[in-house]
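Novice: Submitted below is the structure of interest, expressed as structure tokens.
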Amino acid sequence: MALGSTSRRVGPAARVPLGARRDGGGTSFGLFSSAADSVEVCLFDDVGRETRVDLEQGDASVWEGYVPGVGPGQRYGFRVHGPWDPGSGARCNPAKLLLDPYARAVAGEVEWNPAVYGHVADDPDRIEDTDSAPYVPRSVVVASDFDWGDDRPPGYPMADSIFYEVHVKGFTKLHPDVPEGLRGTYAGVAHPAAVAHLKRLGVSAVELLPVHQFVHDAQLVARGLRNYWGYQSIGYFAPHNGYSSSGDAGGQVDEFREMVRALHAAGLEVILDVVFNHTAEADQWGPTLCFRGIDNAAYYRLADDRARYVDDTGCGNTVDLHQPGPLRLVMDALRYWVQEMHVDGFRFDLAAALGRGDSDFDPHGSFLEAIGQDPVLGGVKLIAEPWDTGWGGYDLGEFPAGWSEWNGRFRDTVRDFWRGSEGALPALATRISGSRDLFGHGGRRPTASVNIVTVHDGFTLADLVSYNAKHNEANGENNRDGTDDNRSWNCGVEGPTEDAGVLSLRARQRRNFLATLMLSEGAPLLLGGDEFARTQGGNNNAYCQDDEISWFDWSAVTEHSDLVDFTARLCRLREEHRVFRRRQFFTGTPAHEHERDDLDWYRPDGLPMTGQDWGAVYARAVTVALSGATGDETHPDDPFLILMNAWWEPLDFAIPESLRQLAWQVEVDTEMPGRAGVVIDSSKAVTLTGRSLVLLRSPS
């Protein structure tokens with residue numbers, strides 16, 4: 001018993017859910033631990049004085065009890081008494097105050113004192129018995145009632161979705177029209193000034209970087225940095241308290257809900273980036289904050305030497321979703337965010353790790369099977385980052401029907417094409433037509449591909465066309481961190497320049513990437529800020545930059561207003577024309593009541609592409625002909641031609657002879673965006689500037 005604490009016992013409770021659930025007279029507590037010999041729930045008053053309450057062991061290794069008089073705002077944690085035997089995978093240590101895995105809110109953050117570790121500093125197998133309570137966050141009992149009013153999720157089909165990946169804090173931290181006290185918070189995202197920008201663009205969903213309670217890593221704090229991206233989760237039910245304008249005593253829960261309600265009212269869905277593959281407790285050298293001290297062997301995949309961890313995530317540990325405890329935790333958390341927080345879907349970080357069996361990825365693994373039959377989760381968007389760092393960890397195209405996946409091959413191919421790489425044209429054709437080679441099986445559709453060019457991890461779009469190499473010196477790792485496989489091109493000058501020709505080319509390249517992204521089959525994801533040329537100064541791994549490197553510079557919206565408008569026009573084109581949002585793959589044959597193939601490919605001279613043309617490694621230009629067939633006979637569309645020139649010199653494109661009788665007008669021109677609506681003479685060549693794209697439409 002800790003100095004100054006008190007202890008009391010309560011009788012066994014009726015069967016209760018896990019976590020803390022209040023009623024009118026008190027709160028029930030439930031904790032799963034198959035390793036424990038006994039468990040105490042620890043209650044803290046306003047001055048930090050601790051009262052410990054013994055829980056009773058119920059069925060299925062759940063420790064439970066009911067404490068009268070405990071209500072919303074109560075701070076608490078658990079102490080788990082049990083074996084310390086790292087060699088067998090047991091790491092119970094009652095000196096360590098543990099977060100509730102089911103906590104709806106968390107107060108405070110980790111203070112990196114040696115006491116937060118379950119082991120002594122120089123030996124991960126030897127127990128450390130200093131009380132950690134003064135240095136670790138508390139779980140908080142939260143009221144569950146919230147008036148959602150007439151909140152209704154927009155419910156866009158996947159084919160109609162345009163995702164906007166954004167960071168809660170970075171989005172509004174510098175926004176001049178958001179009140180200072182709300183900047184960088186959930187309330188800031190919900191502010192009319194922030195929502196107005198999203199509406200101007202015409203995106204359908206915000207995809208939020210991790211908002212689960214996370215930890216700022218010790219090594220980052222030691223370097224004066226922070227875990228900006230948030231991929232070190234420790235509380236899967238709790239909105240991160242650092243993004244709350246109302247403090248961390250539970251108010252962050254309703255503030256998050258108010259954000260969701262406001263975004264829904266604006267016609268925007270909310271997608272959460274979730275990190276269930278690992279936790280912030282890292283490897284055997286990491287802290288004891290929650291799962292490790294509760295039931296280490298039940299929550300984590302352990303190596304043959306059970307004192308060590310399987311690390312398929314690059315973060316020190318891997319959550320074991322083949323075991324019932326963590327599987328229930330993750331499924332309960334997902335249902336909670338859908339049912340009680342009203343989110344519309346999830347993007348799963350390093351999702352290959354979630355489907356691993358004993359070693360390799362298994363599309364019929366426990367988690368994927370469970371989520372596939374769940375009636376609550378069957379109605380939300382499920383998006384995988386289909387890789388991890390383990391053996392055979394690149395599993396793009398291997399997830400079950402009902403899942404969509406970040407398409408890394410789309411990113412790499414489109415980057416290669418527009419920087420002028422040899423032999424990129426055949427792969428480009430496959431990617432922009434929906435990546436049938438990856439997703440054309442098992443009942444999957446083009447919408448299984450979430451098309452990406454840039455995301456939080458890597459260069460921004462502005463940096464992609466401004467830097468040949470990463471510049472991560474601010475991260476404090478001597479520029480060793482971050483990928484070197486950027487497939488970028490600086491257009492002739494590294495970094496900032498006043499050269500008008502280089503700046504013009506960079507602007508055109510940005511438009512080329514955006515147009516290719518938005519005119520491709522699949523669901524596009526736009527990295528927040530790319531629409532106004534947000535730069536990170538060449539940093540392609542800004543995970544630790546909670547500062548102006550990562551925060552949105554809203555003055556750039558005015559400077560690059562033309563790019564914002566160009567991006568918005570592309571979003572409207574997708575919304576207005578189903579041929580870019582097909583539910584079925586192209587067939588290359590005439591569709592119902594169409595004389596022409598639904599998809600054809602032509603050389604710049606207007607002749608059909610041949611096998612020899614596709615095999616020419618020097619080929620860098622193509623015309624894509626869309627007949628207007630959408631795969632849905634009740635919703636035909638207009639014919640389109642996409643003319644793409646990745647040569648560095650101008651190139652004449654002839655309208656294919658069979659299409660010259662149609663009237664064509666310019667919809668998009670990445671060299672001269674103002675040409676939209678101009679009617680062309682189909683008998684004459686259309687000249688494309690080097691490295692440019694033109695979209696032509698034949699109006700009905």
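Novice: I'd like the accessible area for MET672, computed on protein heavy atoms only with a 1.4 Å probe and all protein chains in place. Round to 10 Å², please.
Specialist: About 100 Å², ignoring ligands and nucleic acids.
Novice: State the answer as a single residue: which of VAL260, PHE237, GLY247 lies farthest towards the positive end of the charge dipole of the stretch 221-282, with beta carbon charges of +1 for Lys and Arg and -1 for Asp and Glu, about the Cα centre.
Specialist: Value computed over the given set: GLY247.
Novice: Then there is this: In the neighborhood of PRO400, defined by Cβ-to-Cβ distances under 11 Å, what is the net charge if each Lys or Arg adds +1 and each Asp or Glu adds -1?
Specialist: Once all neighbours under 11 Å are counted, the net charge is -3.
Novice: Another one. Largest first, what is the accessible-area ranking of TRP406, TRP387 with a 1.4 Å probe?
Specialist: Numbers: TRP406 5, TRP387 40 Å².
Result of the area sort, largest leading: TRP387, TRP406.
Novice: Based on DSSP loop calls and a cut-off of at most 16 other Cβ atoms within 10 Å, the longest stretch of the chain free of exposed GluC sites (Glu not before Pro) is what? Display every interim value, and only then the final one.
Specialist: Working: sites that count: GLU111, GLU340, GLU422, GLU477, GLU494, GLU498, GLU548, GLU593, GLU595, GLU633.
After excluding every exposed loop site, the longest remaining stretch is 112-339.
Novice: Continuing with this model, one more query. Only Cα pairs under 8 Å and at least 6 apart count here; give the relative contact order of the stretch 79-118 as a rounded whole percent. Intermediate results must be reported in sequence, preceding the final value.
Specialist: Working: 30 pairs, mean separation 13.7, N = 40.
Here the relative contact order equals 34 percent.
Novice: Let me ask something additional. For ARG572 and SER698, what does the FRET efficiency come to when R0 = 25 Å and r is the distance between their Cβ atoms, rounded to the nearest 0.05?
Specialist: Working: r = 18 Å, r/R0 = 0.74.
The formula returns an efficiency of 0.85 here.
Novice: Compute the whole-percent fraction of alpha carbon pairs in the stretch 175-216 spaced more than 18 Å apart. It would help to have the intermediate numbers written out before the result.
Specialist: Details: 309 of 861 pairs.
Value for the stretch 175-216: 36 percent of Cα pairs lie more than 18 Å apart.
Novice: Related question: Given the Cα-Cα distance of ASP129 and TRP285 and 0.36 nm per residue of separation, how much length would full extension add, in nm? The partial results should precede the final answer.
Specialist: Numbers: separation 156, 0.36 × 156 = 56.16 nm, distance 1.56 nm.
The span from ASP129 to TRP285 would gain 54.6 nm if fully extended.
Novice: Specify whether the C-alpha gyration tensor of the chain places it in the rounded, prolate or oblate class, a ≥ b ≥ c being the square roots of the eigenvalues: rounded for a/c under 1.5, otherwise prolate if a/b is larger than b/c and oblate if not.
Specialist: Values: a/c = 2.10, a/b = 2.04, b/c = 1.03.
Prolate, since a/c reaches 1.5 and a/b exceeds b/c.
Novice: Another question, then. Which value, in debye to the nearest 20, gives the size of the charge dipole of the chain about its Cα centre, when Lys and Arg are +1 and Asp and Glu are -1 at the Cβ?
Specialist: Computed charge dipole of the chain: roughly 860 debye.
Novice: Using 18 Å as the cut-off for backbone N distance, which residues of the stretch 521-556 belong to the label zone defined by a point 7 Å from the Cα of ASN479 along Cα→Cβ?
Specialist: Only 536-543 pass the distance filter.
Novice: In deg cm²/dmol and to the nearest 500, what is the mean residue ellipticity at 222 nm of the chain if only DSSP H runs of at least 4 residues count, each as -39500 (n - 2.57), divided by the residue total? Mind showing how you got there, number by number?
Specialist: Values: 16 runs with 146 residues, N = 700.
After summing the helix terms and dividing by residue count, I get -6000 deg cm²/dmol.
Novice: In addition: Give a residue-ordered list of calculated ³J(HN,Hα) values for the stretch 317-322 (Karplus: 6.51 cos²θ - 1.76 cosθ + 1.60, θ = phi - 60°; whole Hz; x for Gly, Pro).
Specialist: Computed from phi, the couplings for the stretch 317-322 are 8, 9, 5, 9, 7, 8 Hz.
Novice: Taking 0.36 nm per residue of sequence separation and subtracting the Cα-Cα distance, how much length would be gained by fully extending the chain between THR589 and LEU174, in nm to one decimal? Write out the running numbers ahead of the final one.
Specialist: Numbers: separation 415, 0.36 × 415 = 149.40 nm, distance 5.16 nm.
Stretched fully, the THR589-LEU174 segment lengthens by 144.2 nm.
Novice: Hey, quick one: spin label on LYS199, modelled 7 Å out along Cα-Cβ, who in the stretch 153-182 has an amide N within reach, i.e. under 13 Å?
Specialist: None, by backbone N distance to the label point.
Novice: Counting other Cβ atoms within 10 Å, keep those with at most 12, restrict to DSSP loop, and tell me which trypsin sites (Lys or Arg not before Pro) in the stretch 614-685 are left.
Specialist: Working: sites: ARG620, ARG660, ARG675, LYS684; in loops: ARG620, ARG660, LYS684.
The qualifying sites are LYS684.
Novice: Could you go through the stretch 647-652 in sequence order and give the Karplus-derived ³J(HN,Hα) for each residue, using 6.51 cos²θ - 1.76 cosθ + 1.60 with θ = phi - 60°, rounded to whole Hz, and x for Gly and Pro?
Specialist: 5, 7, 10, x, 9, 7
Novice: Pairs of Cα atoms under 8 Å, at least six residues apart: use those to get the relative contact order of the chain, whole percent.
Specialist: Values: 1642 pairs, mean separation 68.6, N = 700.
Result for the chain is 10 percent.
Novice: Binning at 5 Å from 0, report for the stretch 312-433 what percent of all alpha-carbon pair distances ends up in each bin.
Specialist: Per 5 Å bin, starting at 0, the Cα pair percentages come out as 2, 11, 18, 20, 17, 13, 9, 6, 4, 1, 0.
Novice: Would you mind calculating the gained length between ASP457 and GLN373 on full extension (0.36 nm times residue separation, minus the Cα-Cα distance), in nm to one decimal?
Specialist: Details: separation 84, 0.36 × 84 = 30.24 nm, distance 3.16 nm.
Result for the pair: 27.1 nm of gain on full extension.
Novice: Another question, if that's okay. If you plug each phi of the stretch 659-672 into the Karplus form 6.51 cos²θ - 1.76 cosθ + 1.60 with θ = phi - 60°, what whole-Hz ³J(HN,Hα) values come out, in order, with x for Gly and Pro?
Specialist: Result, rounded to whole Hz: 10, 6, 6, 7, 7, 10, 9, 6, 9, 9, 9, 6, 7, 10.
Novice: Further question: Please find the FRET efficiency linking MET672 to HIS322, where r is the Cβ-Cβ separation and R0 is fixed at 45 Å, and quote it to the nearest 0.05. Please list the in-between numbers first.
Specialist: Details: r = 57 Å, r/R0 = 1.26.
The computed FRET efficiency comes out at 0.20.
Novice: Which value in nm describes the separation of the simple spin-label points at ASP304 and ASN468, placed 7 Å from the Cα toward the beta carbon?
Specialist: Between ASP304 and ASN468, the simple spin-label model gives 4.6 nm.
Novice: Shape verdict for the stretch 361-484, please, from the Cα gyration tensor: rounded (a/c under 1.5), prolate (a/b greater than b/c) or oblate. Let's see the in-between values first.
Specialist: On the way: a/c = 2.39, a/b = 1.49, b/c = 1.61.
Cα axes put the stretch 361-484 in the oblate bin.
Novice: Not counting ligands, DNA or RNA, and with a 1.4 Å probe, what is ASP129's accessible surface area in Å² rounded to the nearest 10?
Specialist: The accessible area comes out at roughly 120 Å².
Novice: In addition: When the Cα centres of the stretch 83-132 and the stretch 255-324 are compared, how far apart do they sit, in Å?
Specialist: Between the Cα centre of the stretch 83-132 and that of the stretch 255-324, the gap is 16 Å.
Novice: Right, another one. Classify the stretch 556-700 as rounded, prolate or oblate, taking a ≥ b ≥ c as the square roots of the eigenvalues of its Cα gyration tensor: rounded when a/c is under 1.5, otherwise prolate if a/b is larger than b/c and oblate if not.
Specialist: Working: a/c = 1.62, a/b = 1.12, b/c = 1.45.
Oblate, since a/c reaches 1.5 and b/c is not below a/b.
The values are calculated or read from the model by the stated rules, or taken from the named source; none is laboratory data. As the structure is a computational prediction, the values presented were derived from the model and not from experiment. Counting neighbours? That spans all protein chains shown, and the Cβs are built from the backbone with ideal geometry, glycine included. To get the accessible areas, we keep the full protein, side chains included, count just its heavy atoms, and leave off ligands, DNA and RNA. Shrake-Rupley method; radii C 1.70, N 1.55, O 1.52, S 1.80 Å.
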